[in-house]
There are 2 protein chains.
Amino acid sequence: MASKTVFGWSIAIADNKSLQILEPHKHESKSMGLCDILAVNPLVIRVKRFLKKAWDIGVDDPRRMIHGFKVALAMTLISTFYYIKPLYDSFGGNNAVWAVMTVVVVFEYTAGATLYKGLNRIGATLLAGCLAASVCVVAKKTPGHRFEPVIMGVSLFVISAVVTFSRFIPEVKARHDYGCMIFILTYGLVLVSWYDDHDVHPVIQLIIVTNERISTIIFGSCLCIIVSMFVFPVWAGTELHNLISSNINKLANSLESCVSEYFSESDEESKKKLEDYKRVLNSKASEESMSTFARWEPAYGKFSFRHPWKMYVKIGASLRSCAYCIETLVSRMDSKTQVPETIRNHVSTSCLRLSSCSSDVLRELSTTVSSMTQSTQMDSAVKEMEKAIHALRNDVESLPDLMQSHTNDELLKVIPLVTFISLLIEIASRIGNVVKVVEEFAEVAKFKQAKDE
Amino acid sequence: MASKTVFGWSIAIADNKSLQILEPHKHESKSMGLCDILAVNPLVIRVKRFLKKAWDIGVDDPRRMIHGFKVALAMTLISTFYYIKPLYDSFGGNNAVWAVMTVVVVFEYTAGATLYKGLNRIGATLLAGCLAASVCVVAKKTPGHRFEPVIMGVSLFVISAVVTFSRFIPEVKARHDYGCMIFILTYGLVLVSWYDDHDVHPVIQLIIVTNERISTIIFGSCLCIIVSMFVFPVWAGTELHNLISSNINKLANSLESCVSEYFSESDEESKKKLEDYKRVLNSKASEESMSTFARWEPAYGKFSFRHPWKMYVKIGASLRSCAYCIETLVSRMDSKTQVPETIRNHVSTSCLRLSSCSSDVLRELSTTVSSMTQSTQMDSAVKEMEKAIHALRNDVESLPDLMQSHTNDELLKVIPLVTFISLLIEIASRIGNVVKVVEEFAEVAKFKQAKDE
């Protein structure tokens, strides 16, 4: 590093006493400049690599950077609001913190997730606030206030335990996990805050505490929801929709490039696509969470309010079933060298045809899903695929005729090829299953009829 | 429902005017009792079903109920603490809310997750508190206070945007996602709270606000961590450890029952085990999150502080690779009827042997992982599996001799069987890969040597 060509500003420590800042220059630097020292410092290297990665992530999907700005906008708006004194006083003064906190915890990447959190937060705060207020009033009315702390303590214990446990129930977890947390939180806060001050009439105190918290939380949640929905919105529904339709395409890519590689006709670009199926294997969790959030979103664009988001999860599952099989197919690729050239050539055409027909069906499915229009070509594409399966089966049937002698050795050499073909046919039949699920989806979601061209 | 035998208390509305509470009785009830009306009410049915489900979830894993009680205990402890006036006043009075809030949001099911959230919360609050305090002091010193709101607003905007964006970077997301949120939160809160009161000297005000928040948060987090770690602790590490070792067993079950079903020797119990591999397919997300949390846990039981938790994720991936292949194998099971009985019987013994040898290797792996002891039988089990592969290959080689005529028809009938056997051999080779990963794990985690028996 020390004696390479350096062009730029550098700071050279010449005699350990003075720090010289040199003019831009192009030279063979002999001395160890500060730049060079920094360049080999492991910490600097790590920081640089980290920044590079962050930059790549931002460039890869600029909406992530926009999300950062959206959160910053919401935060600045809410605190500006509280900087303005008259507004501040009218909106519960000391409780400004709740609004700021609401913005930070409620604002999520997609509009659906923000709506889920915001509405859960508002609902749970209202419910828990009312319940806690009622319990406090009842506790207050017990003779001599002796049982007051006991009633409140026991109620807090029971509610915490029951609500925490309920978060393990799948239905509750999917829709109200966050709401449950806020419910316990609000209940605990109202009880503790109320105990704070006994001079004021308890009911008035309660109303003040509950009301301030509720109004600031509603205010913060609404701000988040508005910014999230109207400033460059990222809809969970659209994300899910695009993910599924791109995943269908990815399966088609992998299948096509795997088969063409097996019959050695593939190029560099096709090799890259070979691994595309892996994204389908790993997208289960994001499909499920996005379909949960999408249900909170209003009607927008081409999606109606009651769009069947659950169907995407079902399509995703049928795609993964294809992907499992493609994974096995790809792993069989090494076996191609064992198969004699002549035999491989015999089935090559029909295998390539089946793979291209299957991929056509997948691509047609992807277009159908992404345009939400019933395809006019789907039936013929499926028929083509079935014909291709039939032709391949015929080719396999005529395989034995091709072998000069029926020696065991020759038969054994065919096994890898036969397995490959069986898997290919299995994948085609699983694609048939995807077609059925997409048809069901088209019916439930009332896809448009395609115009005749 | 209306005329069944009822034994118990029931409330019968006799004449729509008076409500009679009847004594316990055993009779053929003719009138539509309230119980009966309730029993057919759809809402009651739904509530009943929900409660039944909740009960089943609790009975299935009682630790979930215990978790509810642990949260309730922490909540009750923290609020009792604040009910006691002298303690309350010494611990930041009004800020009791922070402690309650900390308990609700930090307490998670596993000790690791609680530690992750608690330590992130403490660290982020400290950092953001100090940063916000410094910015406030600098802003205060600007001449004429004119730029004060500008400096604070801009700093809030920039920090919110940068920190929010940084949550998309995988390394940050895995370890400090929650910390990032708390960082923005604290920064915003200190800025807003500080603006609150201009009468007190700003620095003193700052110290009060920051100090109160930090001390209550440390107090709340520590309480959570202590309860989580010392009252019936659920360690993320132990959960992960058990999940992986049970997943290995599940693969063995599925493989064995699939092969025995193919050669029609299976019973009811084995049919149940057939689907066990599905849990392996779906446990990626939980493996990854648990290995993240396990890294926050201290040394306990048999796990040292630097236990290689990441290796479990690697073993999990190699298990999933087997599971993909088993999924394909299971789907080929319907094809067994196409294969002639005589040919099936010819390979039956060696197929069953390979499946039982493979399962033995898997079960040995499971014991190795769960006991963290190097197995003395592993080498011989792997050798047995290799021998079984060899024997099966020999049987397949002698298949052609078995066929009376080498008609195309007969050869075609063998294809499903040949595919099945190829997949079986592929699974065995993938199990070999699992063995390698577990060996690497044994080396990194310094497994004990087994005592000679």
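The values are calculated or read from the model by the stated rules, or taken from the named source; none is laboratory data. This structure is a prediction, so every number in the text was calculated from the model and none was measured. Every residue, glycine as well, gets a Cβ built from its backbone with ideal geometry; the counts of neighbours run over all protein chains shown. Just the protein is used for accessible areas: all its heavy atoms, side chains included, with ligands, DNA and RNA removed. Shrake-Rupley method; radii C 1.70, N 1.55, O 1.52, S 1.80 Å.
Could you sort the peptides B:210-217, A:388-395, A:57-64 by per-residue average Cβ neighbour count (10 Å cutoff), highest mean leading? Write down the numbers at each step before the final one.
Numbers: B:210-217: 20.0, A:388-395: 17.1, A:57-64: 13.5.
Final packing ranking: B:210-217, A:388-395, A:57-64.
Go through A:K173/B:K173; B:K310/B:K383; A:K310/A:K387; A:K141/A:K173 and tell me which ones have a Cα-Cα distance over 30 Å in this structure. List each step's numbers first, then the result.
On the way: A:K173/B:K173 22 Å; B:K310/B:K383 28 Å; A:K310/A:K387 33 Å; A:K141/A:K173 36 Å.
From A:K173/B:K173; B:K310/B:K383; A:K310/A:K387; A:K141/A:K173, over 30 Å: A:K310/A:K387; A:K141/A:K173.
Just to be sure I understand: if you take the accessible area of chain A alone plus chain B alone and subtract the pair, with a 1.4 Å probe, what total do you get in Å², rounded to 100? Kindly include the intermediate steps, with their values, before the conclusion.
Values: alone 25150 and 25230 Å², together 43300 Å².
Accessible area lost upon association: around 7100 Å².
What is the mean number of Cβ atoms from other protein chains located within 10 Å of the Cβ atom of each residue in peptide A:245-252, rounded to a whole number? Write out the running numbers ahead of the final one.
Numbers: counts 0, 0, 0, 0, 0, 0, 0, 0.
Mean partner-chain Cβ count within 10 Å for A:245-252: 0.
Take the Cβ-Cβ distance between B:Y83 and A:R306 as r, set R0 to 51 Å, and report the resulting FRET efficiency rounded to the nearest 0.05. It would help to have the intermediate numbers written out before the result.
Working: r = 48 Å, r/R0 = 0.95.
For R0 = 51 Å, the calculated efficiency reads 0.60.
Where does the charge balance sit around A:L424 when Lys and Arg score +1, Asp and Glu -1, over other residues with C-beta under 14 Å from its C-beta?
+1
Take every residue in peptide B:376-386, count the Cβ atoms of other chains within 10 Å of its Cβ, and give the average of those counts. Please report the intermediate quantities before stating the final value.
On the way: counts 0, 0, 0, 0, 0, 0, 0, 0, 0, 0, 0.
Across B:376-386, the average partner-chain Cβ count within 10 Å equals 0.
For a quick protection proxy, order the peptides A:289-295, A:340-346, A:184-190, A:133-139 by their average other-Cβ count within 10 Å, most packed first. Walk me through the intermediate numbers first.
Details: A:289-295: 22.6, A:340-346: 14.3, A:184-190: 25.1, A:133-139: 17.7.
The most tightly packed comes first, giving A:184-190, A:289-295, A:133-139, A:340-346.
Along the charge dipole of the range B:236-449, which of B:A445, B:I421, B:P340 sits closest to the positive end, that is, farthest toward it, with unit charges on the beta carbon of Lys, Arg, Asp and Glu (+1, +1, -1, -1)?
Checking the options against the dipole of the range B:236-449, the answer is B:A445.
Check which residues have an amide H placed less than 5 Å from A:I169's amide H, if you skip close sequence neighbours.
Correct list: empty.
Ignoring any ligand, DNA or RNA, what whole percent of the accessible area of the range A:293-399 comes from carbon and sulfur when the probe is 1.4 angstrom? Could you put the intermediate results ahead of the total?
On the way: 2400 of 4620 Å².
About 52 percent, which is the carbon plus sulfur part of the accessible surface.
Under the classification rounded if a/c is under 1.5, otherwise prolate if a/b is larger than b/c and oblate if not, where does the range B:324-432 fall, given a ≥ b ≥ c as square roots of the Cα gyration tensor eigenvalues?
prolate
Can you pick out the pairs among B:K53/B:K273; A:K336/B:K448; A:K436/B:K336 whose Cα atoms lie more than 31 Å from each other?
Numbers: B:K53/B:K273 23 Å; A:K336/B:K448 43 Å; A:K436/B:K336 25 Å.
Going by Cα-Cα distance, A:K336/B:K448 fall outside the 31 Å limit.
Averaged over B:179-186, how many beta carbons belonging to a partner chain fall within 10 Å of each residue's beta carbon? Write down the numbers at each step before the final one.
Numbers: counts 0, 1, 3, 2, 1, 8, 7, 3.
Per-residue shielding by partner chains comes out at 3.
Could the peptides B:348-358, B:305-315, A:221-231 be put in order, highest first, of the mean number of other beta-carbon atoms found within 10 Å of their residues?
Those peptides, ordered most packed to least, come out B:348-358, A:221-231, B:305-315.
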